Amino acid sequence: MTEPLQYLGIGAHPDDIEIGCGAFLLKMKRRGHRTGMVILTGGDMGSGTPEGRREETGKAARDLEVDALEILDLGDTRLVDDHDSRVVVAALIRKYRPQIVLAPYYGIEPGRGRGHADHIACGHLATHAANFAHLEKYPAQGSPHAVKKIFYYFLQPYLKPSFIVPVDEEFPIAMRALAHHGSQFDRPGRPSTIQARLEASAAALGAQVEARYGQAFYVPDVPRVEDPLGMF
């Protein structure tokens, strides 16, 4: 039986998790938690080959020190939140039994970058799969499992996050992991600015919590707090 994870990141494409929550996953791993990554498509509509992107993702996963990695083929630019896809993702949630699932934020305007249709679909798909994975009669492989919470990444600048996690030590390593995706960000004649943009964003988030770098997450429900003194 697969040893359960505490944190499972779900992304639409190779490189999504590295961008959205890679530093956070590495920090949680270093705090003693088991972590994993599930990539729903091979990113075959991007530059490079599916085989090359799979190799890049493996190298990035090693930098992030995750305990589990799955790369599926649910269709780059064709990812949909339908019953068949929910069954596939729910089976993986049952397999790894995470306490927390991390997924792209779903309430985002469509367009290039974070508003990629696959990111929106991935947010909905991961949410519904996590919700249905606990149902005893749901037709997904494995025993029912209820996650404690879903954390959403890829937040728009206008959306106030629910919390920010300092990632001073982990962020540079996450950027090193992202650099393995050279097929996307190291193309001749098309210099990439993504690392500079991510560093600027992480620095702005970090400044809000008195850190050098931060990663932000959204949860739609209000957390229960018995004694808020420790939070502040």
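We did not get these values from a lab; they are worked out from the coordinates using the rules stated. All figures in this text were calculated on a predicted structure; none of them were measured in a lab. Ideal geometry is used to build each Cβ from the backbone, glycine not excepted, and the neighbour counts take in all protein chains shown.
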Which of the trypsin sites (Lys or Arg not before Pro) found in segment 125-232 are loop residues per DSSP with 11 or fewer other Cβ atoms within 10 Å of their Cβ?
LYS137, LYS148, ARG224
Residue order, fewest to most surrounding Cβ atoms within 10 angstrom, among MET28, MET175:
MET175, MET28
Environment charge of ARG62, counting only residues whose C-beta is closer than 14 Å and scoring Lys/Arg +1, Asp/Glu -1
-2
Could you give the spread of the C-alpha atoms of segment 89-221 along their three principal axes, from largest to smallest, in whole angstroms?
51, 37, 28
Rounded to whole Å and sorted largest first, list the principal axis extents of the Cα atoms in the chain.
52, 50, 34
Would you mind giving the average projected area, over all directions, of the Cα convex hull of segment 53-96 in nm² with one decimal?
3.7
Per DSSP loop assignment and a cutoff of at most 10 other beta carbons within 10 Å, the chain keeps its longest run without exposed GluC sites (Glu not before Pro) at 1-135
Under a Gaussian network model of the chain whose springs join Cα atoms within less than 10 Å, the largest fluctuation of ASP168, ASP186, ASP63 belongs to ASP186
To make sure I understand, if each residue's beta carbon is the centre and we count other beta carbons within 10 Å, what order do LEU178, LEU8, LEU229 fall in, fewest to most?
LEU229, LEU178, LEU8
Taking the chain as a Gaussian network, where each spring joins two C-alpha atoms under 10 Å apart, which residue of GLY48, GLY214, GLY58 fluctuates the most?
GLY48
Measuring from the lowest to the highest alpha carbon on each principal axis, how far does segment 110-183 reach, largest first, in angstroms?
43, 32, 31
Would you list THR127, THR49, THR57 from fewest to most Cβ contacts within 10 Å?
THR49, THR127, THR57
Summing +1 for each Lys or Arg and -1 for each Asp or Glu, what net charge is found among the other residues whose Cβ lies under 13 Å from the Cβ of PRO139?
+1
